[in-house]
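A short worksheet on the structure shown next.
Derivation of every value follows stated rules applied to the coordinates shown; laboratory data play no part. Note that this is a predicted model, so its numbers are computed, not measured. No Cβ is skipped: glycine too gets one built from the backbone with ideal geometry, and neighbour counts run over all protein chains shown.
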Amino acid sequence: MDIEGYLKAMPKAEIHVHLEGSMRPEILLQLATKNDVDLPGKTVETIQQWYVFRDFSHFVEIYITICRTLQKPEDFTLIAYDLGKTLAEQNVRYAEVTTTPGLHIYGNGLDFRTWLESINAGRQQAKDEFGIEMRWIMDLARNLDSERAEELVALIASDYARDNGVVALGLGGAEVGFPPEMFEAAFAQARERGLPGNPHAGETVGPVSIWGALRSLKATRIGHGVRAIEDPELVTYLVEHQIPLEVCPTSNLCLGVFPSYEAHSLKQLVEAGVVVTINSDDPPMFNTTINDEYLHVFKDCGLTLPQIEKATLEAVRVSYLPDKRKRELVDDFQTTFNRLRGEFGIDPASSQQSPGWIEDFWAGILSREPERIRAAFQQLQDAEERSGTIQHLQRMVSEDGWAEPQRVSAQRALDALRPIIDV
Ligand SMILES: [Zn+2]
């Protein structure tokens, strides 16, 4: 049984990774030479030694320094292509990549369209060569003033941007001193144009920041969010509303959010029924890769293989892809998991692994509206899917191992379906 081999070979979706923070040291040095930017080191080793962070603000300082090496459109094309290549080599099939337009527009004087064209050229090249699909989450740095935030959101949420791969508005940078509430207007402006909010929260600040992201920014997905564990009421809220967290364990260790993988909240969040996904954040800066993150969550955070497979499918399910494409990818991932399990000598998936299609139905259940639950059920195509769904809900109610909020939701769904089916 080769679990390590299996984890590396698994098809994956990565939904929390930064374009700028993914620059490999080799590329960083190449760009620094080309654009005549001084860095504290001239070799891969010295750059890696430089990537030791005293705290979050030190990390941001280094992040801004590396962004200075990005000046010309072709630099952006190169890093977007290189990220796609690096992810594809680790069997990532789909990625939502965060990038920070303010740094390049205000920092470098690049025009938004020229810049977006340049990253899209790299995205397309990676797709043509490696088949990897990528989309953009464009984030605001928390120290932006409100005028610039508004100006940027007008660009990020424009039809042009949305026709060219932009799928959500993010929020990044220093959490301390810059609460989500400061960006309420910017996120409302994006939402009005149909662009969902996907802020970082609950990393260097605790539950109050996550509550702020949910209430003020109406976030439907959260970057990190791992400190939710400090507030049981918040954990229940995340479960009941199925708010997914983009968990990046090694990043949290490097930035002092948790002292060790063993102390990380991931396992507790999973056991409470929170939707989690596994991600790498700024892999070279944290001396990690997405495959390393998968190994760590198995070996050090204590997730089981079915929990890791579920987190992978969740990354597709909670992505901003169209529903049809999600369904295709989920089906494809599940088929591939089964085949790879055979190849790597791992037992077939257990019965508690929920089939992909039930995840779509879940959203209807969580609405708590009987009408919507029935409508979601009626959308299931064939009799097998329907009976499988009912059996799954019944197992959730009766079997051990399901968190209380999930059990309650399953019972609620069965009650709602009783008038239209024989439960
Ligand atoms: Zn991040």
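With the largest listed first and rounded to whole Å, the semi-axes of the equivalent ellipsoid of region 219-264 from the Cα gyration tensor are 21, 12, 7. Mind giving me the FRET efficiency for Gln268 and Glu192? R0 is 41 Å, r the Cβ-Cβ distance, nearest 0.05 is fine. For Gln268 and Glu192, the calculated efficiency is 0.65. In degrees between 0 and 90, to the nearest 10, how far off the longest principal axis of the chain does helix 146-156 point, with axes built from Cα atoms? For 146-156 against the chain, the angle is about 70 degrees. Modelled label positions at Ser260 and Glu404, each set 7 Å beyond Cα in the direction of Cβ, lie 3.0 nm from each other. The residues Thr204, Thr389, when put in order of fewest to most other Cβ atoms within 10 Å, stand as Thr204, Thr389. Working note: Debye formula, equal point scatterers on the alpha-carbon atoms of the chain, no solvent; log10 I(q)/I(0) at q = 0.07, 0.09 Å⁻¹ is -0.33, -0.55.
Of all aspartates and glutamates in the structure, those lying under 20 Å Cα to Cα from Lys34, and not within fewer than 8 positions of it along the same chain, are Glu20, Glu26, Glu45, Glu74, Asp75, Asp82.
Scalar couplings 3J(HN,Hα) for region 50-67, obtained by applying the Karplus form with A = 6.51, B = -1.76, C = 1.60 to θ = phi - 60°, are 5, 7, 10, 9, 6, 6, 5, 5, 5, 4, 4, 4, 5, 4, 5, 4, 5, 5 Hz; x denotes Gly and Pro.
On full extension, the segment bounded by Gln391 and Asp159 gains 79.2 nm, given 0.36 nm per residue less the C-alpha separation. Taking R0 as 51 Å, what's the FRET efficiency between Leu295 and Arg113 from their Cβ-Cβ distance, rounded to 0.05? My answer for the efficiency is 0.80. The length gained by stretching the chain between Ala375 and Ile64 to full extension, at 0.36 nm per residue less their Cα-Cα distance, is 107.1 nm. Here the residues Lys127, Lys267, ranked from fewest to most Cβ neighbours within 10 Å of their Cβ, fall in the order Lys127, Lys267.
Counted by neighbouring Cβ atoms within 10 Å, the residues Asp331, Asp139 run from fewest to most as Asp331, Asp139. Measure out, as a whole number of angstrom, how far apart the alpha-carbon centroids of region 10-58 and region 168-217 sit. Value for the Cα centre distance between the two parts: 26 Å. Here each label is just a point 7 Å from Cα along the line to Cβ, and for Ile3 and Glu129 those points are 3.5 nm apart.
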